Amino acid sequence: MATKKTSKEIEMKKADTKSENSKKVTTKKTSVKKTTKKTKTTSKNFKSVNLASDSKEKHSDIIKLTVRGLEILKSELKELKTVKRSEISERIRQARALGDLSENSEYEDAKREQAVVEARISELENMLRKSVIVDENRDDDDNMTVRMGHSVQIESIDKKEKQTYTIVSVLESDPFVNLISNDSPLGSALIGHQVGNVIRVVLPNGDARYRILDIQHKEN
């Protein structure tokens, strides 16, 4: 009887062992499934990078300047760094000498102006890094098309009025003396066209059409 009990106990232990092993296998499968789900979820979080659009954004950041436009930028930057900075620093020094800064309006004004100047310096330096100089005196096959630095005579198709405009950078533009930016509606419409072409300009009060009568190149 003792031997039979022992064999039964052995069989029961084997059955228990099989049950535990099956539970472990089931647990492992479940954990693998969970891991797979987590992996899939993680992969969804990664975004693909569109290199083409990124290159377009970088290209659109380029600032085209004439030689004169570049000099305007450099001149302003030099003025801010050498003159304005020193003036503001001196104002701050004198304001501090007055004592209590908590109710010192002169000190607060000087600090605000300092922040504006430093922001402008940073902006100018960034513009210079992105700037590309346009060769206004280039002499090649493209010399018959309008580009920055050229003076262009146009005639309104509707009103038959003639005007001459010089296409410059944003820094040099002054509509009152017919200096228009290459980014302006008229300037951007003229770029790349030739004498005899009719261009359409999109304006706030409606479209306008102009014929290019003459292109004058900058003389050396």
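The values are calculated or read from the model by the stated rules, or taken from the named source; none is laboratory data. Every value quoted in this text rests on a predicted model; they were computed, and no experiment measured them. Note that we place each Cβ from the backbone using ideal geometry, even for glycine, and neighbour counts take in every protein chain shown.
The sole residue among VAL152, VAL201, VAL168 that is surrounded by 15 or more Cβ atoms within 10 Å (Cβ to Cβ) and either touching a Gly at 6+ places or on another chain (Cβ under 8 Å) or under 20 Å from ILE63 (Cβ atoms) (or both) is VAL168.
Annotation: of all residues in region 128-153 being under 10 Å from LEU65 (Cα atoms) and not charged (D, E, K, R), the one that is modelled with the highest pLDDT is LEU128. Of the strands (runs of 3 or more DSSP E) entirely within region 107-217, those holding at least 1 residues that are touching a Ser or Thr at 6+ places or on another chain (Cβ under 8 Å) and within 30 Å of LYS78 (Cβ to Cβ) occupy 131-133, 151-156, 162-168, 179-181. Assessment of region 178-196 against the conditions (among the acidic types (Asp, Glu), surrounded by 13 or more Cβ atoms within 10 Å (Cβ to Cβ) and touching a residue at least 40 places away in the same chain (Cβ under 8 Å)) yields no matching residue. Residue pairs whose Cβ atoms lie under 6 Å apart, separated by 6 or more positions or on different chains, with the first residue in region 205-218 and charged (D, E, K, R) and the second assigned to a loop (DSSP other than H, G, I, E, B), are ARG209/ILE157; LYS218/GLU136; LYS218/GLY149. Among the candidates GLU113, GLU125, the residue that is in contact (Cβ under 8 Å) with a residue 40 or more places away in the chain and either surrounded by 13 or more Cβ atoms within 10 Å (Cβ to Cβ) or out of contact with any Pro (no Cβ under 6 Å at 6 or more places or on another chain) (or both) is uniquely GLU125.
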